[in-house]
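The values are calculated or read from the model by the stated rules, or taken from the named source; none is laboratory data. These numbers come from a predicted model, not from an experiment. Here the Cβ positions follow ideal geometry from the backbone for every residue, glycine too, while neighbour counts run over all protein chains shown. Surface accessibility is based on the protein's heavy atoms, side chains included, excluding ligands, DNA and RNA. Shrake-Rupley method; radii C 1.70, N 1.55, O 1.52, S 1.80 Å.
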Amino acid sequence: MPAVSSVLVTGGGLAGTATAIGLAAAGVAVDLIDIKPEITAVGSGITMQGNGLRELRRLGVWDDALAAGYPFNSLGLRAPDPAGTLLAEIPDARTGGPDLPDLPATLGLPRPALARIMADRAVATGAKLRLGTCVSSLSQDDGGVDVVFCDGSAGRYDLVVGADGIRSATRRMIGITDEPRPTGMGIFRAFGPRPASVTRTDLYYGGPCYIAGYCPTSEDTLYAYVVEDARDRSALTPAERLAAMRALAGAYHGPWDDIRQTLTDPGTASYTLFEALVVPAPWNRGRVVLIGDAAHACPPTLAQGGAQALEDAAVLTELLLSGDSPGDALWSAFTARRFVRAKTVVEASCQLGQWQLDHEQGDIPGLIAQISALVTQPA
Ligand SMILES: Cc1cc2nc3c(=O)[nH]c(=O)nc-3n(C[C@H](O)[C@H](O)[C@H](O)COP(=O)(O)OP(=O)(O)OC[C@H]3O[C@@H](n4cnc5c(N)ncnc54)[C@H](O)[C@@H]3O)c2cc1C
């Protein structure tokens, strides 16, 4: 018997949908809410590493994800020179683990496609999805959590899972005051057609940006990005944002010359400051627990945030389905399996950026290898 029979999940990102799928598939009554009116509204692309793909497979969405995305197994390093010289092609770590050799090292996906796949699976397993909804208040006693929603409706649940992202309202509602901190970098991203020259992620270090890169997200699409010192770019119109990104990317060549020509839709261009957060353990207060970016968030220098969110969901689901009541033993087990691992990933992601900010030659390959070895182990 699961430890819970009714669960509210706030937030329909990777952490929330994965939790909803795992619990609903086991017969738990799950309400999954998201404040947005449309779950697929977030654009751009995402790079999913093998340990995240392992979770997608466990959730029964691997075939759909593979069909929607673009798999690859190596990383290119290119110079910021007039030829975009390929300096190295490095085999990517297969962090899905040796037991799943069919998984690629990496899958690029359009974010809206992945969001649709996850939401559809959550609904198919029996979760009730409500969009355009949020929680206005939570109160709990020994037996459950009373929730009032923003539309005035109410419910009582055995457990509330706060998967509402880096600016989690659930986090604040349970009295946790930790907030994300800026790490000093900002990223332009844009989404566009995939030229034939792009068949994997290539990273260019140096030039006017810290990093310029791209990731194929399907046969037809890619997302491209340039990382700079954090700046207030909020006054830029979408057209100005795309123009600024294209101007910075003008220093990069090779496949970038093809990409620049086809990045023409200002509606796909975004600018985001890098932020980091590790909420000290435990991530629960009674019967309300935080997972994913609500509990720990990293700059995307290792592209591990999505995978870590999926791992939180997997471990929480496993513990809840193993029959423990949501009490001290369960929360201790959750902390033991998730806190140090997620914190290590956040710290390593920050370190990679900090070395660049400090113009310091850190052991980048060594740190990446250390994290790859860590996340290849089961969560
Ligand atoms: C620029 C950038 C690039 C990144 N690139 C990668 C990458 O390539 N690979 C990777 O693995 N990770 C990447 N990440 C990190 C990754 O996006 C996150 O770690 C991951 O999306 C976290 O998932 P989540 O479900 O915890 O949160 P989110 O994806 O943020 O989902 C939270 C959900 O909660 C909803 N919500 C918010 N507030 C409320 C509320 N009050 N009530 C109800 N719902 C609410 C939101 O609408 C959203 O749908 C990147 C992050 C950034 C900033």
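Is at least one residue of segment 8-27 touching a residue at least 60 places away in the same chain (Cβ under 8 Å), surrounded by fewer than 17 Cβ atoms within 10 Å (Cβ to Cβ) and touching a helix residue (DSSP H, G or I) at 6+ places or on another chain (Cβ under 6 Å)? Yes, because at least one residue in segment 8-27 is touching a residue at least 60 places away in the same chain (Cβ under 8 Å), surrounded by fewer than 17 Cβ atoms within 10 Å (Cβ to Cβ) and touching a helix residue (DSSP H, G or I) at 6+ places or on another chain (Cβ under 6 Å).
Listed here are the residues, each with its yes/no results for (1) part of a loop (DSSP other than H, G, I, E, B); (2) touching a residue at least 60 places away in the same chain (Cβ under 8 Å); (3) within 10 Å of the ligand (Cβ to nearest atom); (4) farther than 26 Å from Asp31 by Cα.
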position	(1), (2), (3), (4)
Val160	no, yes, no, no
Gly165	yes, yes, yes, no
Arg172	no, no, yes, no
Ile176	yes, yes, no, no
Thr183	no, yes, no, yes
Ala190	no, yes, no, yes
Gly207	yes, yes, no, yes
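Taken together, the residues in segment 142-158 that are out of contact with any Cys (no Cβ under 8 Å at 6 or more places or on another chain) and assigned to a loop (DSSP other than H, G, I, E, B) amount to 6. Taken over segment 1-57, the criterion of being within 14 Å of the ligand (Cβ to nearest atom), within 30 Å of Leu75 (Cβ to Cβ) and among the charged types (D, E, K, R) is satisfied by Arg54, Glu55. Checking Ala313 against (1) within 12 Å of the ligand (Cβ to nearest atom); (2) aliphatic (A, V, I, L, M); (3) under 22 Å from Asp328 (Cβ atoms); (4) open to solvent by 10 Å² or more (accessible area, probe 1.4 Å): exactly one of these is not met. Which one? The one condition Ala313 does not meet is (4).
Among the conditions (1) more than 21 Å from Thr262 (Cβ to Cβ); (2) away from the ligand (no atom under 14 Å from the Cβ), Thr199 misses just one, which is (1). Evaluating Pro365 against the criteria (1) at pLDDT below 95; (2) closer than 22 Å to Gly96 by Cβ; (3) buried (at least 17 other Cβ atoms within 10 Å of the Cβ) leaves one unmet condition, (3).
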